[in-house]
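This report refers to the structure that appears directly beneath it.
The values are calculated or read from the model by the stated rules, or taken from the named source; none is laboratory data. Keep in mind that what you see is a predicted model, and the values were worked out from it rather than measured. Cβ placement follows ideal geometry from the backbone for every residue including glycine, while neighbour counts extend to all protein chains displayed. SASA here: full protein model, heavy atoms, side chains in, ligands and nucleic acids out. Shrake-Rupley method; radii C 1.70, N 1.55, O 1.52, S 1.80 Å.
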Amino acid sequence: MFKYVLTLILFFLLAHFILLTAEQSFFSTILVSLRDLQSPLSITYQNHSSYADRLLFPELISLLIYSAFIFFLSFWVALLINFLFLNFYYYVSDFKKTMLRNLLITMESIPDIMIFLIIQLSIIFFYKSTGITLFRIADSGNGRPYVLPTMCLSIIPAIQLAKMSINYLHEESKKVYVEFAYAKGVSKKSIFYKHLFRNIALPLCYHSKSIFLFMLSSMFIIEYIFNLNGYMSFLFRGRVTPVILFIWFSLLFTPSFLYFQTMSVFLRKRGVGL
């Protein structure tokens with residue numbers, strides 16, 4: 001809890017430092033923000049397109065729910081893809097394993113924005129060729145897209161998870177308990193599910209923090225490309241004040257903090273070093 005409160009204080013000071021203007025002093029701006037925070041439901045922001053003042057809440061919460069849904073769904077899709085890939089990788093020959101590793105390296109070298117654009121343009125080309133709309137490709141006001149942004153956001157994390165899983169798989173496969181299990185006649189399938197996969201999953205969860213940070217940066221690109229009215233792009237659609245920036249930071253940070261704190265407790269109980 002101390003780390004959480006300290007981080008929020010740093011966010012508060014940083015927001016005022018970033019948006020500091022010559023018209024007001026640093027401390028006077030802080031006093032204004034503290035006064036606004038006493039009644040957060042009355043805080044407004046000015047929209048760039050209509051130049052109208054709108055209430056920050058509950059609109060910001062609605063945007064957070066939408067973006068968080070796509071974000072966490074993409075993460076779980078990436079985990080599912082990684083699980084299926086690892087199952088396939090474990091049983092193929094060494095030659096095919098080398099090919100798969102080279103394929104992952106090649107795909108990871110492609111810029112993520114290029115991958116997103118290729119997928120989007122492919123959907124558009126398919127629509128022009130057949131007249132069939134597979135997925136919504138942009139937020140046009142008639143409905144929010146879910147499937148395509150989720151697919152795009154899950155690709156790079158799936159590749160990163162797959163590379164990490166392969167490294168852990170090779171490290172675990174060289175350990176004595178695996179050789180002992182083979183010597184006792186335990187089937188390859190049982191070794192994978194009862195020992196290898198369980199021992200791979202724990203450190204993979206611990207190192208998912210870097211993947212989370214990468215996905216947050218990718219959300220900016222996703223919301224821009226698909227014209228999503230989402231949480232990450234909110235800062236570019238209206239006039240941002242220090243108190244609004246602080247609230248935006250805080251709402252973005254809190255779910256991630258709770259997730260990683262829960263994950264830390266879970267991993268400590270299972271003896272994974274932090």
Positive-end residue of Pro157, Leu19, Leu103, charge dipole of the chain with Cβ unit charges: Leu103
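What's the extension gain from Ser39 to Phe83 if we count 0.36 nm per residue and subtract their Cα-Cα distance?
Residue separation times 0.36 nm, minus the Cα-Cα distance, leaves 11.2 nm.
For the pairs Lys3/Lys97; Lys188/Lys269; Lys3/Lys174; Lys96/Lys184; Lys96/Lys269; Lys3/Lys175, flag any whose C-alpha to C-alpha distance is greater than 31 Å. Before the final figure, lay out each step's value.
Details: Lys3/Lys97 43 Å; Lys188/Lys269 28 Å; Lys3/Lys174 39 Å; Lys96/Lys184 27 Å; Lys96/Lys269 37 Å; Lys3/Lys175 37 Å.
In this structure, Lys3/Lys97; Lys3/Lys174; Lys96/Lys269; Lys3/Lys175 lie more than 31 Å apart at Cα.
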For region 171-183, Karplus couplings with θ = phi - 60° (6.51, -1.76, 1.60), whole Hz, Gly/Pro x: 5, 5, 5, 8, 6, 4, 5, 6, 4, 5, 5, 4, 5
Dimensions in Å of region 81-135 - Rg and Dmax from alpha carbons: 15.8, 44
Largest to smallest principal axis extent of the C-alpha atoms in region 1-97, angstrom: 68, 34, 27
Spacing of the two label points (7 Å from each Cα toward its C-beta) at Thr133 and Met99, in nm: 3.9 nm
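Could you sort Ser67, Ser49 by their accessible area in this structure, using a 1.4 Å probe and putting the largest first? Mind dumping the intermediate values first?
Details: Ser67 10, Ser49 100 Å².
In descending accessible area the options line up as Ser49, Ser67.
Tell me, in nm to one decimal, what length is gained between Ser250 and Phe214 on full extension, where the rule is 0.36 nm per residue of separation less the Cα-Cα distance? If you can, show how the numbers build up before the last one.
On the way: separation 36, 0.36 × 36 = 12.96 nm, distance 1.85 nm.
Contour length minus Cα-Cα distance gives 11.1 nm.
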Mean-position separation - Cα centroids, region 12-90 and region 145-196, in angstrom: 35 Å
Kirkwood Rh (inverse of mean 1/r, distinct Cα pairs), region 101-164, angstrom: 13.1 Å
Given charges at Cβ of Lys, Arg, Asp, Glu: the chain dipole, positive-most of Tyr146, Phe83, Tyr206: Phe83
Scattering curve values for region 97-238, log₁₀ I(q)/I(0), Debye with Cα scatterers, q = 0.10, 0.18, 0.19, 0.20 Å⁻¹: -0.51, -1.05, -1.12, -1.18
Size of charge dipole - the chain - debye, nearest 20, with Cβ of Lys, Arg +1 and Asp, Glu -1, no other charges: 1160 debye
Coarse-grained scattering of the chain at q = 0.13 Å⁻¹, given as base-10 log I(q)/I(0) from a Debye sum over alpha-carbon atoms: -1.01
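Share of the chain's accessible area from carbon and sulfur, percent, 1.4 Å? Don't skip to the end; give the middle numbers.
Values: 10970 of 16040 Å².
Reported share for carbon and sulfur atoms: 68 percent.
Where does each of Lys97, Lys209, Lys188, Lys3 land when they are ordered by accessible area, with a 1.4 Å probe and the largest first?
Values: Lys97 30, Lys209 110, Lys188 85, Lys3 145 Å².
The ranking, largest first, comes out as Lys3, Lys209, Lys188, Lys97.
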Amide H contacts under 5 Å for Gly238, placed H, 5+ residues apart: His48
Where the chain is the region considered: accessible area per residue in Å², 1.4 Å probe: 59 Å²
Dipole in debye (nearest 20) - region 30-161, about Cα centre, beta carbon charges: Lys, Arg +1; Asp, Glu -1: 300 debye
Label-point separation in nm, Ser62 to Val32, each point 7 Å along Cα→Cβ: 2.7 nm
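Can you compute the helix-only [θ] at 222 nm over the chain? Use -39500 (n - 2.57) per DSSP H run of at least 4 residues, normalise by all residues, nearest 500 deg cm²/dmol. Could the numbers behind the result be given before it?
Details: 11 runs with 192 residues, N = 274.
After summing the helix terms and dividing by residue count, I get -23500 deg cm²/dmol.
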Check: region 93-146 dipole with +1 on Lys, Arg Cβ and -1 on Asp, Glu Cβ, in debye: 160 debye
Accessible surface of His195 - all protein chains present, 1.4 Å probe, nearest 10 Å²: 60 Å²
List Leu80, Leu20, ordered by accessible area with a 1.4 Å probe, largest first: Leu80, Leu20
